[in-house]
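Everything on this sheet refers to the single structure shown next.
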Amino acid sequence: MTVSPTSLRAALVVCALVSLGVHAEGVAKSPSEKPGPILLHLERDQCPVRLGGVFLWGLGDHSNALYDSATNSEKLSKSNRQWIAENCDVTAIPSVCLSTADYPWIVTKYPAFTGLIYLYASCLYSKPRFGSAGTYTPSMAKFTLRTSDGREVPYPDANGHWMDFGSRRWATYWKQEAASQCAKFGAQGTVVAELPVNNTFVQIPKQYAKFNERADATTRWLEAAHDPMRTLLVPAALDFERPADTAPLPPAIMEPHLQGTLWDEYYPLIDGAWLEGFVRPYWNDEPLNSRQWEIQLEAMDRYAEAGQVFIAMAAYKNANELESDLASYLLVVHHQGRAVFQPMPLTIKGHPDAGYSLTIMREQVKLYPGYFNVPLGRPVQTRHMVPDGKLNVWVRKFQHGVVYFNSADSGSLTVNLGAPMRRMNGSLTRRVLLPPMTGAVLLYSSGPLAAE
C-alpha cells in the first residue's frame with residue numbers, strides 16, 4: 001500500500017494536535033492557502049513570528065548571559081520560565097537544567113507549548129552530564145563504536161563513550177532512556193544532536209568512512225529510536241539536503257527540491273527538524289545560495305503545514321540581515337504551528353553561537369521589538385513568484401502587510417509600492433531595494449503598530 005505525502009501529512013497534523021491537546025479549526029484563507037491547525041497563543045495572535053529554540057546557556061540567575069548552564073547543570077530560573085511561557089512555542093533544554101515542575105508549569109500557562117529535552121544520539125556518559133540519554137556501565141561496552149581491529153573509538157572528554165552508529169540495539173536502549181527522561185520532566189519529546197550523518201566530533205571508523213554509510217546508519221538509528229506514540233523525535237538536520245540512496249517519496253508539487261534527498265528519506269521516521277543553519281548559518285560569512293535556500297524553505301513548509309516541530313536557527317550581524325532572515329521564515333510559516341524562529345546574533349565578539357543563550361534571546365527580542373513582534377496577522381496566501389524583468393521576487397501577503405524576498409544569487413531589484421508602507425524599524429517607504437538573497441517585511445501604513 002502506498003501512502004501519498006498529502007495523506008501522510010494530514011495524518012501527522014492530527015497526531016500533532018492530539019499530542020498538544022488542543023482544538024483545530026479551519027481558517028478562512030485564499031484558495032491558494034491550505035487549511036491548517038490553529039494553536040492559540042492569544043497574546044501573540046497577530047504576530048506570526050513564533051519564537052523558540054535550543055537553549056544551553058543563560059538559563060539560570062547567573063549574571064553572565066553566556067554562562068554554560070548545560071555543562072554546569074544550572075537550573076532554569078523562575079523568571080526565564082515565565083518568559084518562555086509568555087513568548088515561546090517550542091524549547092529544547094537539557095534535562096540537567098530542568099526541574100520536574102518546569103515544563104508542566106509552562107503548559108498550565110500556555111497549553112499549546114511544546115517542551116523538548118536536548119540529547120545526543122551517539123554518545124553516553126558514565127557520570128551525569130547534559131545530553132546523555134542514560135548512564136554508561138561496563139555492560140554497555142558491546143554498544144560502543146569500534147575500529148576495524150576492535151578498539152573503542154576514543155571520546156574527547158572524560159567519562160564519555162561513542163556508541164555504535166548503526167546498532168539498532170543501541171538505538172533501542174536510547175529510545176527507552178529518552179522516553180524515561182521525557183516522562184520524568186513532562187517533555188513531549190527530544191531534540192537530538194550528533195546523528196551519524198552529521199556528527200562532526202567523532203573520529204570516523206573505517207566501516208562508516210563514506211557518507212552514504214553514515215546516512216544508512218542514520219536510517220537504521222531513526223527506525224529503531226522513533227516512537228511517535230510516546231515521544232516526538234526532532235533531529236538536527238544538517239546535511240539532510242544531500243542525495244539519498246533509497247527510493248524517494250512520491251513527488252510533491254510544492255516540494256520539488258526535496259525530491260531524492262535525505263529530507264525525503266528521513267521524513268517518515270521523524271517528527272520535525274532542528275535546522276541549525278537556517279538561511280544564514282552562524283559559521284559562514286554569507287547566506288545560503290538560491291538552491292540551498294529553496295531546499296530549506298520547502299523543508300520548513302513541509303513540517304509547518306503538518307503542525308510538526310521545526311526550529312529555524314538563523315544568524316545576522318545587523319537589523320537588515322535579521323529582516324531578511326525573518327522574511328524567509330515568514331514566507332512559509334503557518335499560522336501558530338510549531339515552526340519557531342531562533343535568533344543567532346553575530347554581534348557578540350568571540351561567540352558566533354551566542355543565540356544558544358536564553359538570556360541573549362530575551363535581550364534580542366527587547367532590542368528588536370518591531371521585528372519579533374511584527375503584527376502582520378495571519379497569512380492570506382502561500383508564497384509565490386512575481387516576475388520582475390530578468391529576476392523573480394517571492395511574495396506573500398498577510399492580513400496587515402506583505403513579505404518580499406529576492407532569492408537570486410546575483411542581481412538587485414527595486415520593489416515599487418503602491419502606497420507608503422511601514423518597515424520593521426518603524427520608518428515609512430514607497431520602495432524597497434532588494435540585493436541578492438535579501439528580503440523585506442512591510443506593514444500597511446494604516447495597520448496596527450508593532451508592540452513596543
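Values quoted throughout were computed directly from the atomic coordinates according to the rules given, and no laboratory measurement underlies them. What you see is a predicted model; the values in this text were computed from it and never measured. Here Cβ is always computed from backbone atoms with ideal geometry, including for glycine, and neighbour counts include all displayed protein chains.
Cβ-Cβ distance of residue 159 and residue 183, R₀ of 30 Å, FRET efficiency by 1/(1 + (r/R0)^6): the value works out to about 0.75. Using all pairs of distinct alpha-carbon atoms, the Kirkwood hydrodynamic radius of region 384-444 works out to 11.7 angstrom.
List the lysines whose Cα sits under 19 Å from the Cα of residue 206, skipping any in the same chain fewer than 8 residues away. The qualifying lysines are 142.
Going 7 Å from the Cα of residue 126 in the Cα-to-Cβ direction, what parts of region 134-168 have a backbone nitrogen less than 16 Å from that spot? Taking a point 7 Å out along Cα→Cβ of residue 126, the residues of region 134-168 whose backbone N falls under 16 Å are 134-145, 152-163.
Among the listed pairs 109/175; 78/184; 78/366, those with a Cα-Cα distance over 23 Å are 109/175. When only the Cβ of Lys, Arg, Asp and Glu is charged (+1, +1, -1, -1), the dipole of the chain relative to its Cα centre reaches about 480 debye. Packing-based ranking of 207-217, 124-134 yields 124-134, 207-217, ordered from highest to lowest mean Cβ neighbour count within 10 Å. Ignoring lysines fewer than eight residues from residue 397 along the same chain, the ones with Cα atoms less than 16 angstrom from its Cα are 29, 34.
The charge dipole of region 246-346, taken about the Cα centre with unit charges on the Cβ atoms of Lys, Arg (+1) and Asp, Glu (-1), comes to about 120 debye, rounded to the nearest 20. Applying 1/(1 + (r/R0)^6) with R0 = 56 Å to the Cβ-Cβ distance of residue 62 and residue 151 gives a FRET efficiency near 0.90.
With the convex hull of the Cα atoms taken as the outline of region 330-386, the averaged projected area works out to 5.4 nm². Sorting 293, 283 by the number of Cβ atoms found within 10 Å of their own Cβ, with the fewest placed first, yields 283, 293.
The length gained on full extension between residue 366 and residue 82, counted as 0.36 nm times the residue separation minus their Cα-Cα distance, comes to 100.7 nm. Inter-part distance, region 316-368 to region 213-227, computed on C-alpha centroids, equals 31 Å.
Listed from fewest to most Cβ neighbours within 10 Å, the set 432, 309, 395 follows the order 395, 432, 309. Between residue 223 and residue 169, the modelled label-to-label distance comes to 1.8 nm, taking each label 7 Å out from Cα in the direction of the beta carbon.
Bridgeable aspartates and glutamates around residue 210 (alpha carbons under 13 Å apart, same-chain partners fewer than 8 residues away excluded): 245. Computed over every Cα-Cα pair of region 5-372 and binned at 20 Å starting from 0, the pair-distance distribution P(r) comes out as 30, 61, 9, 0 percent. The gain in end-to-end length when the residue 445 to residue 99 segment is fully stretched comes to 120.0 nm, 0.36 nm per residue minus the alpha carbon separation. Quick one: of the DSSP bridges fully inside the chain, what percent are antiparallel, nearest 5? Of those bridges, close to 50 percent are antiparallel. Computed extension length for residue 349-residue 416: 20.4 nm, one decimal, from 0.36 nm per residue of separation with the Cα-Cα distance subtracted.
Computing Rg and the Kirkwood Rh from the Cα coordinates of region 315-426 gives a ratio, Rg/Rh, of 0.98.
In this simple spin-label approximation, residue 137 and residue 381 carry label points 7 Å from Cα along the Cα→Cβ vector, and these lie 6.2 nm apart.
From its DSSP helices (H runs of at least four residues, each -39,500 (n - 2.57)), the chain gives a residue-normalised ellipticity at 222 nm of -8000 deg cm²/dmol. Relative to the longest principal axis of the chain, what angle (0 to 90°, nearest 10) does the C-alpha long axis of helix 319-332 take? For 319-332 against the chain, the angle is about 80 degrees.
Stokes-Einstein diffusion for region 98-217, with the hydrodynamic radius set to the Kirkwood value over Cα pairs and evaluated at 10 °C in a medium of 1.306 mPa s, equals 103 µm²/s.
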